[in-house]
Amino acid sequence: MSTTFFNPEPNDEDLINGWYNNAIMSPQEASNNLRKIQEVLLNKSPNLLPEYLDNILGQFTQSTNGDVKKVLVGFIEEACKYDENLMPKVTLSLLMLLNNENVALQKRVIQSIITLYRRMLIAICKASCVTEEMETAWGQMNEIKSKIIKFIDSDNDGVRTSVVKFLETVVLLQSYPDPNESSKNDFTLEDVPLTLKIARRRKLEEEANTIFDILIKFNGSPHISSANLYICIGSLTHIGKNRPDYIEPVIHALVELTSNFPPTLSMTQVSTVKKKLKTEFISIIKHPAAHDYIEKISPILIDFGLTQNEINKMIPKVDENRKYTKRTLSPDTQERATKKPRLDIAENDPDYDLVVKQKQALEVNENFIKDKLSKNLTVELVLKGLYDVPSRMPSIFKTDYAESLKLGPAGDIGIVAKLLSEQMVEAGVGPGSKIIGKTMLIKDKLENKESKKRLRDEDDEDEVKSEKLKKGKLKAPRVKVLKLNEITRPLDKKARETLLLGAIKRLLKADHQSNKVIRQKIITTVAATFNDIVRENVLSYVLEDIKGHLDLALAWLYEEYSIMQGFSRIPELRRSSRIEQSYNTLLSSFVEAAQSDSLTMSRLLLESPIITDQVLNQLKQVCKDENNCEWGILLLRDLVLRRPTRQLMFLNALLENITHENMVIRECTISHVVELHKCVEIRQNIEEYVRKCLEYLGTVQPPDVLFGFAQGRLAGADAWNDDIAKACLEGYVALLPSNQSLIHDLAKIYVQTGADTKRVILRLLEVPIRLMGMDSVELLKLVQECPKGSETLVTRVIHILTDKGPPTAQLVKRVRDLYNTRVSDVRFLIPVLNGLTKSEILAALPKLIKLNPVVVREVFNRLLGVHGDSAITPTELLVALHILSTDQVDIKTKMKAITMCLNDKQVFTQEILAVVLQQLMEQTPLPTLLMRTVIQALGLFPRLSGFVMNILQRLILKQVWKQKVAWEGFVKCCQRTKPQSFSVLMQLPAPQLAEALTMSSDLREPLKEHLLNFNDNQRAHVPAAVQEVILGPEADSKPPTPVLAPVEILKTEPVEPLPPGMD
């Protein structure tokens, strides 16, 4: 408090801490707080960024708010732009965010990766030393890249658009630039150092080619959207203009698109795409690299509305095209070609003309070979020439090849063209033969003849000698055999071990890529053959990087397994050791080192020759960890499927988790068990296990097998609780849709359980019962048999089945039979009320309205058509409630049921109530609650006042005063409807009117005033006896006419009055 007083302006750390805590406590404000944190960390106090970065990533990467995650991605992108050294720390978070199913978040991550991928590649290439952290981050970035490439098939247009832009960036980064155009700011494959091991130029270039093919394929997809096609055309054009090596397939793809537009595009969209193609073709034809494709592009531009003149103006000048034409000569050769041939012979020599022609023919042939010699043609020539290659290399080839090496490096096309041109001149083939025909080269003619003759003679002598040796005519000289034991002495044990370990260490540090298979075989053989010191050194090397040395680890395991099984002889140095224990220790060490890496662990256990019990226990521990249980249980499932010899062992290990205390572990296990239940060979084992778990519920207290470290419950329990009961039930209930006959065992156990466990069972039934459906034979059988004590279970099942739709005829039949023969509880009928006949509903109605008010409301909902059509109408229902006998149901219950109906104004409208009252008036005797319903209807719908007056008049005709309850209701109704009811009251006989005024004294004075307002003619129609009752002894005196207040229609709130006679 004092700090706040003396320091009114908090520092940046306090601000950041406050915003960070607010973001955690108030998720709805987390986005704004995170933006504030970003603003301070990046623009005001960047020195605090490393301190807070890990906390921000750890907290908000796991947020459930998509907006917060998008803000986090922007924060990561800006932070990496500020400091590229932070990229290794954020790649894992980006990978997790990309795996989120939120489409908007995926799109935002891809957009940020477009920038970060370029920056990471540049940073790695410029780094003086690639650290392990950078290598890990580059691996994670490659995983992100692979996932983004798969998003090219996403269902969302925006995601696909972002993917196309990312793929364009990767192709430009991982390809060689245009040699004739230099851009200092453009990073290309030439900037990748040749010594960089984690990103080799060749692999990057191959990946760029693959991605480019994906873009080409996506561009030609028949189902591509107009927006994606628009972006893809622009990306391909950009790649072709910046990387001329790709311009040919780009032009081919765009030309093909002009004649094959996707059928999903509308006419407007096709028009838009054509405009885009026109723009891009114009930009391509202006590029010098497109010179060779002008004839292909021009007709398309003419179709798009351009003239030939306009096209010619766009074509670049010839000088610009020259630098893009195919380079047929090296610079040195071009220089030589422009000069006059240098002759090594005098002009007066008789062979001078022949030498000149030969040199001209050589140059023509050489240029022809350079133009035509491609990789495919070279391969064809080599394959055809293999048949003529002799078994032994001739000496003349050695000499010729040595001479060719002097001209330059092997494989140079200029040197190859030169050698082939000489052979073509001597053979009289090729374009040079038109100049000179077939002739032998004059250059060093005699010397060549003598040397070639001498070499051929040597070859002949060698062949003769070899033939004589074969026939035994010429004996080889005897050579004395060298024996090391005669000239050396044995080393002592310590020196041998030192030299051995030195050799092993050099072998382990050797280049991993060269002779990988041979190196791996040597290491595994040495490790499996020599003593424990050697084994420990190799093991330490493998464990340093188990992921990178996984192939070596597996090869070593197979070497140990072959020795353990007797396939290989036990080495001399290991005869005293326990071979079985060695394999177990080795595999256990590998598994312990790989526990944090799911992919390495999975491959290790799936490809190992055998899984020991100790290693299986290690895997079980992984499955008990909530953070790793998902991939650990998945690995157990794969072991069940892929290792049939020990299938039951892995299945039992998996099933142990089906009753685990942790809900995440339990749900993950159940999902895989349900999938495994489809396998016929293990189905019975799974059902036996879950049935055993179900049978535990029939015991007095939970068994000990449900407790302990393996089950996540360290302390036992004396009684069942909801969590333990749920753990035993979930696995069994999950299998019900797959094997519906299991429902009968559940019903038997249900009878044996207590009330709390019964409630758990009823809650868990909803999902599987819905999946089984009303047509399930087993469910119909359960309803038909209904074991004693399982009535509530069967009722719950029927309720679930009929909750979303009307019951089937089969279900109604079985419920009806059950109700009529065995179970008299009317609650069984509630779910199938829509399927019963009208008479059956009316027969059950007295029992139904006696139930709990909530249940009665459900009954009325089903009868009034909420769950489907009903056999009884609202009018019939309300009339039936009124005429129920008091022997069947008491008056208060009827009152509550009728009030519940009347409160539903959407069903019981003014028109329906009028029909109901009309039908009740026709009943003899009048229903007891008639007048109560009339009063309630009038309160709910005041417009019924005229209709009520009609009813009152008809009641006078029916001599309502003869029924006490109805008569009292009549008087109350008149009292509530005054002054409209005065005319009705004056129609009563004088004795009954006097009784009515006595019952309701407050009617006398208003009625008297009403009568006094009559003129003589009106009063003449009122019987004298009635006037006397109203006016009393002063019937003849005529008081002054009072001014009456305007008549208002009765408006009362809907009330629930007691029936007449029960006030």
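The values are calculated or read from the model by the stated rules, or taken from the named source; none is laboratory data. Since this is a predicted model, take the numbers as computed values, not measurements. Here Cβ is always computed from backbone atoms with ideal geometry, including for glycine, and neighbour counts include all displayed protein chains. The accessibility values were calculated without ligands, DNA or RNA, using every heavy atom of the protein model including side chains. Shrake-Rupley method; radii C 1.70, N 1.55, O 1.52, S 1.80 Å.
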So what does T808 come to for accessible area, using a 1.4 Å probe and Å² rounded to 10?
-> 40 Å²
If we count every other residue with Cβ under 11 angstrom of V640's Cβ, Lys/Arg +1 and Asp/Glu -1, where does the sum land?
-> +1
Name the long-range amide H neighbours of G430: under 5 Å, sequence gap of 5 or more, or other chain; modelled H, no Pro or chain starts.
-> none
Which three lengths, in whole Å and largest first, does region 673-746 cover when its Cα atoms are put on their principal axes?
-> 37, 26, 15
How large is ³J(HN,Hα) for each residue in region 889-904, as worked out from phi by the Karplus curve 6.51 cos²θ - 1.76 cosθ + 1.60 (θ = phi - 60°), to whole Hz, x for Gly and Pro?
-> 8, 6, 5, 5, 5, 4, 4, 5, 5, 5, 4, 4, 5, 5, 6, 8
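Show me 373-385, 205-217 ranked by packing, highest mean number of other Cβ atoms within 10 Å first. List each step's numbers first, then the result.
Working: 373-385: 10.2, 205-217: 16.7.
Going by the mean number of other Cβ atoms within 10 Å, highest first, we get 205-217, 373-385.
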Round to a whole angstrom and tell me the spacing of the C-alpha centers of region 669-713 and region 142-210.
-> 51 Å
When the scattering of region 123-166 is computed by the Debye formula from its Cα atoms alone, each counted once and equally, what is log10 I(q)/I(0) at q = 0.17, 0.20, 0.26 Å⁻¹?
-> -0.58, -0.67, -0.84
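Enter the accessible area per residue of region 765-905 (Å², integer; probe 1.4 Å; all protein chains in place). Provide the component values of the computation, followed by the final result.
On the way: 6340 Å² over 141 residues.
Computed with neighbouring chains in place, this is 45 Å² per residue.
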³J(HN,Hα) computed for each position of region 41-46 - Karplus, 6.51 cos²θ - 1.76 cosθ + 1.60, integer Hz, glycine/proline x = 5, 9, 10, 10, 10, x
With x for Gly and Pro, the residue-by-residue ³J(HN,Hα) of region 257-265, computed from phi through the Karplus equation 6.51 cos²θ - 1.76 cosθ + 1.60 at θ = phi - 60° and given in whole Hz, is 5, 4, 9, 9, 6, x, x, 7, 7
Between region 983-1021 and region 821-871, what is the C-alpha centre distance in whole Å?
-> 48 Å
Which of K372/K434; K203/K372; K313/K370; K217/K276; K276/K296 exceed 25 Å between C-alpha atoms? The answer is K203/K372; K313/K370
When the label point is put 7 Å from the Cα of T792 along its Cα-to-beta-carbon vector, which residues of region 764-779 have a backbone N closer than 15 Å?
-> 764-765
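Accessible area, 1.4 Å probe, largest first: how do H252, H287 sort?
On the way: H252 100, H287 20 Å².
In descending accessible area the options line up as H252, H287.
Measuring with a 1.4 Å probe in the full set of protein chains, what accessible area per residue, in whole Å², belongs to region 88-229? Present the calculation step by step, with values, prior to reporting the outcome.
Details: 6830 Å² over 142 residues.
Accessible area per residue: 48 Å².
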In region 930-1005, what percent of the accessible surface is made up of carbon and sulfur (1.4 Å probe, ligands and nucleic acids excluded)?
-> 52 percent
Counting only protein chains, not ligands or nucleic acids, how are E363, E101 ordered by accessible area (probe 1.4 Å), most first?
-> E101, E363
Carbon and sulfur %, accessible surface of region 789-838 computed with the full protein complex present, 1.4 Å | 50 percent
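Please work out how much length the chain gains when fully extended from L606 to E190, using 0.36 nm per residue of separation minus the C-alpha to C-alpha distance, in nm with one decimal. Don't skip to the end; give the middle numbers.
On the way: separation 416, 0.36 × 416 = 149.76 nm, distance 4.11 nm.
That works out to 145.7 nm of additional length.
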Using a Förster distance of 56 angstrom, determine the FRET efficiency expected from the C-beta separation of Q701 and N142, and round it to 0.05.
-> 0.50
For region 33-92, which whole-number percentage of the solvent-accessible area (1.4 Å probe, protein heavy atoms only) is attributable to carbon and sulfur atoms?
-> 40 percent
Contour minus end-to-end for V517 and S1001, with contour as 0.36 nm per residue of separation and end-to-end as the Cα-Cα distance?
-> 162.6 nm
How much length is gained on full extension from N180 to F1014, taking 0.36 nm per residue of separation minus their Cα-Cα distance?
-> 288.5 nm
Which loop-located GluC sites (Glu not before Pro) does region 773-826 contain, where loop means any DSSP state but H, G, I, E or B and the Cβ has at most 14 other Cβ atoms within 10 Å?
-> none
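Beta carbons within 10 angstrom, averaged per residue: use that to sort the peptides 647-660, 300-313, 610-623, highest first. If you can, show how the numbers build up before the last one.
Working: 647-660: 19.9, 300-313: 12.9, 610-623: 16.8.
Sorting 647-660, 300-313, 610-623 by mean packing, highest first, produces 647-660, 610-623, 300-313.
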